[in-house]
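Since the structure comes first, as structure tokens, the remarks are kept for the end.
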Amino acid sequence: MRIRSAGMLIVTSLLVLSLHFSPLIVKAAEDELEGIEGAEQQFEDIHSKESTEEDITEPHLESTDQTEEKVESEVDESEEVQIGEETETTSNATEEEVVESDVEMSTLSVASDSLQPGDRNEQVLEMKLDLMKLGFGTHWSNPTNYFGPDTERVVREFQAYYGLTVNGRGDQATLAKIAEELSSPFQEGKRSEQIREIKLDLMKLGFGTHWSNPTNYFGPDTERVVREFQAYYGLTVNGRGDEATLAKIAEQLSSPFQEGKRSDQIQELKLDLMKLGFGTHWSNPTTLYGPDTVKVVRQFQGYYGLVVNGIVDEVTEKKIYEILASPYQEGKRSDQIQQLKFDLMQLGFGTHWSNPTTLYGPDTANVVRQFQRYYGLVVNGIMDEVTLKKMEEILTSPLRRGVTSEQVRKLKEDLMRLGYGLHWNNPTAFYGAETEEEVRKFQRNNNLPVSGIADAKTLDKISELLKAKEIVTYTQYNLTLSQAAARQLQLNPPPQTDKYRNDPAYIHSSLVDIVLGGTITGSTVNLRTSPNNSSSSNIYTSVSRGTAFVIQDNNVTGSAVNGNTRWYKITYDNRTLYVHSSLASESQVAVVKSTANIRQSASSSSHIFGSVTSGTRLTVQREVTGTTVSGSNRWYEITYQTWRNATQSDFLPYLDPNQNDRFQHLVLDRSVGVSAQELNKVLAGKGILDGKGQAFIEAGRTHSVNEIYLIAHALLETGNGRSSLATGIEVGRNSSGNLVLVTSSNRSSLTNIRTTYNMFGIGAHDSDPYRLGAIRAYQEGWFTPEAAIIGGAQFISNSYFARGQNTLYKMRWNHLYQNASGGFPQYATDMGWAVKQVPRIKELYQQLDNPVLRFDIVRYN
């Protein structure tokens, strides 16, 4: 600042002395009387040098600090701050409007000793410009030469900041301090070893950490770092190493909370950090501030966005106490806490709260910890700023209900690839109730908090699954494997096997009566109500090879089969029926007196193959000797059914979920996410199913069934799409209104004749599969192949998948999903049923292009 007034020369003298940083007390009288002219000239020289001198040194000297090197090489007069164009704020404009006739203006004369309110002159303007350089009055855009109330306020701020007498006047001390700070050796363009030391100190405090080897030059980058330091610690921001800034640096570097210090306060600090979720590995924190404490403090500072220096400076200490005093922690109560609970519930946490209260109790703290742990936050149970910010981030997610964007459309397309929202034919960009529900399903199935909001965690899981093309989840059965095996043995029937189908079976003689009978010798034989095979209308049922019956008459004449007219008149199922003699043989039959066990050997302690009820007829092969029962050791070796009780050692390998092919754990109530075109490749050449890929996709989407499973099931039941039930059977109503199969002889007497289709053998019991299966299809309204595919999927879904039995394993081995009567239904008794379905399903999957595989594997305790 150039001071031309003689009255201000004393300021110049003080300035010259202050440049040597000596706290000299200068007598005012001596300053006024001696060396005035020389002092004024010296000040002018210094000020001229400050304004125009280029402190440019050879670039190679600054090579260690690239940022400052570039700046230093370009320092010239053009870098001086241009302030003249700025204008002052409204308050200063008001000052300009003061009428001179109302306020007596006094221009600073040679004899005046200070600038004060009411003055108007160039010295006032220069003082304002200088104050702005020092970071005061920075709201002035174009300061005037008037000393008004706003100028007074700024001067008071300056005086208070530097510990001067606060009077709002530009007195000697104030102007001297301004000059001192403006001539600071620690400002842009200066060079000294002290500047290098300041830089090193700033780096210790976490500022200017990009400097690898700081130089002794105070360039624009150093100024920027100093400004950051000043702003961080609440100092006036001027980019200069002024008195307050240097004092603050020294204060922080002498903190009692830094490496190497030891005190009880340090131990208390550590305990506070532990409360906030930091340093939780400390079991018994000591009084030493060691390297590990530095590490923990740095973690705290980084987490809360503070400058990271490992020193508990005033800002760090304030942040610690701020969090410890949070209104959102255990023991507090407020309406805001209740709202936070509702927000947590919306995000899928604390969903056990039915009516959350205003109290922040232990349960609330626990829920907050769950939220923090899930989102990778520091776990302290306190709703600190980071936790609140994360909640707000999720609640205002761009992927939530009510939002429209292309991101939403992309989300829907990704979900469809994973088997969700498959009813969307052309997904829109709107996030509505349906989208929210599909996101909830996805979150629920992948053990994520269920909020219906596609937050970052949900998107990460979607991305992970899309990349993996394989999804594995687990279902816990709350019993051990041995307990499960024991329960299976208690079922009636227990697990069955056909491994003993060719082995002899035995029953004790005391349990049966021996009569003349016969045995079916054909694979599948019709038993009729009359000895005539010219139509199907007299078929009562069909039976398999080995079925025994009682012969009433072994020589009945009926229609010829291969020239043979001999039929047997028999008793079966307590009815009189007929079977052609070429399909059965005469034998000795054992008629069971009361419920009895069939044994693996002629011993009462041998494995039980099964049990039979009173009236059951068994074909006797021979009489044998065995263990004595009721005084008799006579046993009969008999012909017994193919499917027999398995031993525990037989079925345990199938019960163990970790054995056999994992495709038995394939999730069946999720779409594969493939196109109709791909499915049609699988169905090519499969009879009536050829080209029906879209029907299977529609069935899967509508009823949440895996399309490949449906196809495998349909191919098995229909004989690759060629069975009568699959290709269509006509059914009509007779005169009594009953449904019957249409024949050439009864067609004219029937009404409402329709062709029915049954692709999954639903209702087609072994006793009369075609008739019963066709009638069931008529009742269900399956009058097209597509209707039969979709309707069959509904039956399967409602019968098993709706309970949660959505894998072959869970359908076969059920120890979790109860039906309405409290039982645990299982789809099949064959111990190998689940494993036997795998090859066809796996084969079909191998024909698809990159399908998404979903497995849900059962675990036992």
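Values computed for the structure shown
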item	result
Matching residues in region 556-566 - criterion: being open to solvent by 60 Å² or more (accessible area, probe 1.4 Å) and under 13 Å from VAL579 (Cβ atoms)	ARG566
Looking only at region 497-541, and only at residues there that are within 60 Å of the chain's Cα centre (by Cα), open to solvent by less than 30 Å² (accessible area, probe 1.4 Å) and modelled with pLDDT under 95, the one that is farthest from GLU637 (Cα to Cα)	THR541
Conditions (1) among the aliphatic types (A, V, I, L, M); (2) assigned to a helix (DSSP H, G or I); (3) within 26 Å of GLN301 (Cα to Cα); (4) in contact with a helix residue (DSSP H, G or I) (Cβ under 6 Å, 6 or more places away or on another chain); number of the one not met by ILE394	(4)
Qualifying residue in region 247-267 (condition: within 29 Å of the chain's Cα centre (by Cα) and in a loop (DSSP other than H, G, I, E, B))	no
Residue in region 126-182 that is modelled with the highest pLDDT, counting only those that are within 58 Å of the chain's Cα centre (by Cα) and on the phi > 0 side of the Ramachandran plot	GLY137
Failed item, numbered, when VAL315 is tested on (1) open to solvent by less than 60 Å² (accessible area, probe 1.4 Å); (2) under 19 Å from VAL379 (Cα atoms); (3) part of a helix (DSSP H, G or I)	(2)
Region 773-794, residues that are surrounded by fewer than 18 Cβ atoms within 10 Å (Cβ to Cβ), assigned to a helix (DSSP H, G or I) and either charged (D, E, K, R) or without any contact (Cβ under 8 Å) to a residue 12 or more places away in the chain (or both)	GLU786
Considering residues of region 331-389 that are in contact with a helix residue (DSSP H, G or I) (Cβ under 9 Å, 6 or more places away or on another chain) and of a type in the set (D, E, K, R) only, the residue surrounded by the fewest Cβ atoms within 10 Å (Cβ to Cβ)	GLU385
Listing of strands (runs of 3 or more DSSP E) fully contained in region 498-553 that carry 1 or more residues being out of contact with any Phe, Trp or Tyr (no Cβ under 8 Å at 6 or more places or on another chain) and of a type in the set (A, V, I, L, M)	512-520, 524-528, 539-544
Residue list for region 225-243, filter: aliphatic (A, V, I, L, M) and either open to solvent by 20 Å² or more (accessible area, probe 1.4 Å) or assigned to a loop (DSSP other than H, G, I, E, B) (or both)	ALA231, LEU235, VAL237
One residue from SER582, SER606 being surrounded by 14 or more Cβ atoms within 10 Å (Cβ to Cβ) and closer than 19 Å to SER544 by Cβ	SER582
Members of region 166-199 found to be hydrophobic (A, V, I, L, M, F, W, C), open to solvent by 60 Å² or more (accessible area, probe 1.4 Å) and in a helix (DSSP H, G or I), listed by number	none
Residue ID - surrounded by the most Cβ atoms within 10 Å (Cβ to Cβ), chosen from residues in region 203-224 that are in contact with a helix residue (DSSP H, G or I) (Cβ under 6 Å, 6 or more places away or on another chain) and part of a helix (DSSP H, G or I)	ASP221
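The rows are residues; the columns are (1) small (Gly, Ala, Ser); (2) open to solvent by less than 40 Å² (accessible area, probe 1.4 Å); (3) within 26 Å of PHE801 (Cα to Cα); (4) in contact (Cβ under 8 Å) with a residue 60 or more places away in the chain.
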| site | (1), (2), (3), (4) |
| --- | --- |
| LEU668 | no, yes, yes, yes |
| VAL672 | no, yes, yes, yes |
| GLU678 | no, yes, yes, yes |
| GLY685 | yes, no, no, no |
| ASP690 | no, no, no, no |
| ASN706 | no, yes, yes, no |
| THR718 | no, yes, yes, no |
| VAL731 | no, yes, no, no |
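The values are calculated or read from the model by the stated rules, or taken from the named source; none is laboratory data. Just so we're clear, the structure is a prediction, and the values are computed from it rather than from any experiment. In this analysis, Cβ positions are derived from the backbone assuming ideal geometry, glycine residues included, and neighbour counts consider all displayed protein chains. When the accessible area is computed, the model is the full protein with side chains, heavy atoms only, and any ligands, DNA or RNA have been set aside. Shrake-Rupley method; radii C 1.70, N 1.55, O 1.52, S 1.80 Å.
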